[in-house]
Amino acid sequence: MIVVTGATGNVGRVVVAALAAAGEQVTAVSRRGAQGAGGMPLDTPPGVRHVQADLADPAALEAAFAGADALFLLVAGDDPAGILAAAKAAGVRRVVLLTSQGTGTRPNGYRHPRAFEEAVRASGLEWTILRPTGFATNAYQWAEAVRTTRTAAAPFADVALPVVHPADIGEVAAEVLVKPGHASATYVLTGPAAVSPREQVAAIEAAVGEPVAFVELTREQARAMLLNVMPEQVADDTLEILGTPTDDERRVSPSVEAILGRAPRSFARWAEENAPAFK
């Protein structure tokens with residue numbers, strides 16, 4: 001049986017669906033349990049057990065981990081060693097951890113995900129680490145402005161990064177969880193090509209079928225907006241990646257194609273799939 005944490009998120013729900021479709025026994029873990037935001041029931045695949053649990057409380061994870069031999073783990077809570085100890089006590093033998101590309105490219109930052117990676121490597125469990133680049137879903141930040149004013153604003157208009165479709169991350173995670181050959185591996189996951197903010201907005205424009213104006217923000221304007229939703233150090237690290245990415249952060253990784261046997265989904269495809277959010 002495989003436990004999937006963050007089971008209602010952009011990645012977790014794909015992991016759950018892919019594992020269930022492959023005939024695996026799955027326990028979906030989320031903080032809200034089988035009821036999502038606003039108390040609405042979640043669309044959980046048949047046969048999937050849904051457990052309400054919070055990774056911030058490792059002592060309460062016994063029921064979630066019961067009977068499991070594998071775990072898909074998000075970076076959540078502040079006690080990765082406690083989470084892994086609870087998993088190990090329940091019989092979990094391998095873990096697939098989702099962190100961030102920045103954990104490898106920005107060694108002086110990203111302390112929280114780095115602590116999880118260190119704990120996983122020291123856990124005695126078989127492990128695999130997935131380090132995705134920026135998510136295509138970050139473009140949802142433009143949805144309201146595109147709907148209401150047909151504009152989208154971002155800094156560093158022409159700095160291109162290979163953002164990744166969350167569905168590709170989820171499908172890679174499911175594959176790694178059930179197939180051998182991935183022990184002690186760390187995979188960087190990217191999209192098929194680097195895409196700038198200006199190019200992303202152009203893809204959204206094509207998807208909605210109406211003109212969308214791109215507005216370039218200064219670094220200071222972008223920083224002020226980020227500070228509304230994240231700590232100062234995280235905001236500064238994010239701006240460094242967006243504005244002055246390293247060669248590794250610009251590079252397209254072969255990992256998605258190598259693991260799934262197909263090219264990763266493009267940002268344009270993500271925009272087409274999610275066009276209703278911008279109309």
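The values are calculated or read from the model by the stated rules, or taken from the named source; none is laboratory data. Bear in mind that the values here come from a model prediction, so they are computed numbers and not experimental data. As a convention, Cβ positions derive from the backbone with ideal geometry for all residues, glycine included, and neighbour counts pool all protein chains shown.
Restricting attention to segment 86-110, which residues are under 19 Å from V176 (Cα atoms) and among the aliphatic types (A, V, I, L, M)?
The answer is A87, V92, V95, V96, L97, L98.
Regarding M1, is this residue surrounded by fewer than 19 Cβ atoms within 10 Å (Cβ to Cβ) and either at pLDDT below 95 or not hydrophobic (A, V, I, L, M, F, W, C) (or both)?
In short, no.
For segment 237-256, name all the residues that are in contact (Cβ under 8 Å) with a residue 24 or more places away in the chain and among the acidic types (D, E).
D237, E240, D248, E249, listed by residue number.
Which of the helices (runs of 4 or more DSSP H) found entirely inside segment 186-261 contain at least 2 residues meeting this: at pLDDT below 95?
By residue number, 219-226, 232-243.
Regarding R121, is this residue basic (K, R), surrounded by fewer than 23 Cβ atoms within 10 Å (Cβ to Cβ) and in contact with a strand residue (DSSP E or B) (Cβ under 8 Å, 6 or more places away or on another chain)?
yes
For the condition in contact with a helix residue (DSSP H, G or I) (Cβ under 6 Å, 6 or more places away or on another chain), among the β-branched types (V, I, T) and at pLDDT 95 or above, what is the one hit in V51, V26, V16?
V26
Just one of the numbered conditions (1) hydrophobic (A, V, I, L, M, F, W, C); (2) under 20 Å from A174 (Cβ atoms); (3) modelled with pLDDT of 95 or more is not true of L42; which one?
Tallying (1) hydrophobic (A, V, I, L, M, F, W, C); (2) under 20 Å from A174 (Cβ atoms); (3) modelled with pLDDT of 95 or more, L42 fails exactly one: (3).
Just wondering, is there one or more residues in segment 126-139 that are over 23 Å from D78 (Cα atoms) and out of contact with any strand residue (DSSP E or B) (no Cβ under 9 Å at 6 or more places or on another chain)?
Yes, segment 126-139 contains at least one residue that is over 23 Å from D78 (Cα atoms) and out of contact with any strand residue (DSSP E or B) (no Cβ under 9 Å at 6 or more places or on another chain).
(1) free of Cβ contacts under 8 Å to residues at least 24 places away in the same chain; (2) aliphatic (A, V, I, L, M); (3) within 20 Å of S100 (Cα to Cα); (4) out of contact with any helix residue (DSSP H, G or I) (no Cβ under 8 Å at 6 or more places or on another chain): which one isn't true of M225, the others all being true?
With (1) free of Cβ contacts under 8 Å to residues at least 24 places away in the same chain; (2) aliphatic (A, V, I, L, M); (3) within 20 Å of S100 (Cα to Cα); (4) out of contact with any helix residue (DSSP H, G or I) (no Cβ under 8 Å at 6 or more places or on another chain) applied to M225, the lone miss is (3).
Restricting attention to segment 87-118, which residues are surrounded by 21 or more Cβ atoms within 10 Å (Cβ to Cβ) and farther than 21 Å from I169 by Cα?
A87, V92, listed by residue number.
Under 18 Å from L177 (Cα atoms), β-branched (V, I, T) and touching a helix residue (DSSP H, G or I) at 6+ places or on another chain (Cβ under 8 Å): is that true of V3 in this structure?
yes
Let's see how each residue does on (1) touching a residue at least 60 places away in the same chain (Cβ under 8 Å); (2) more than 21 Å from T137 (Cα to Cα):
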site: A7; (1), (2): no, no
site: L19; (1), (2): yes, yes
site: R32; (1), (2): no, yes
site: A53; (1), (2): no, yes
site: A70; (1), (2): yes, yes
site: V75; (1), (2): no, no
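Cβ-Cβ below 6 Å, separation at least six or inter-chain, first residue in segment 169-194 and within 24 Å of G124 (Cβ to Cβ), second part of a strand (DSSP E or B) and among the polar types (S, T, N, Q): which pairs?
Pairs found: V176/T128; H182/T128; A185/T128.
Looking at segment 89-134, which of the residues that are among the basic types (K, R) and not in a strand (DSSP E or B) is nearest to V26 (Cα to Cα)?
R93
When you go through T218, T190, T246, T186 one by one, which is the residue that is buried (at least 18 other Cβ atoms within 10 Å of the Cβ) and among the hydroxyl-bearing types (S, T, Y)?
Checking each option against the conditions leaves just T190.
Considering only segment 129-146, I want to know if a residue exists there that is surrounded by fewer than 16 Cβ atoms within 10 Å (Cβ to Cβ), closer than 29 Å to V4 by Cα, polar (S, T, N, Q) and in contact with a Ser or Thr (Cβ under 8 Å, 6 or more places away or on another chain).
No, segment 129-146 contains no residue that is surrounded by fewer than 16 Cβ atoms within 10 Å (Cβ to Cβ), closer than 29 Å to V4 by Cα, polar (S, T, N, Q) and in contact with a Ser or Thr (Cβ under 8 Å, 6 or more places away or on another chain).
Take V146 and decide whether it is closer than 17 Å to G12 by Cα and in contact with a helix residue (DSSP H, G or I) (Cβ under 6 Å, 6 or more places away or on another chain).
no
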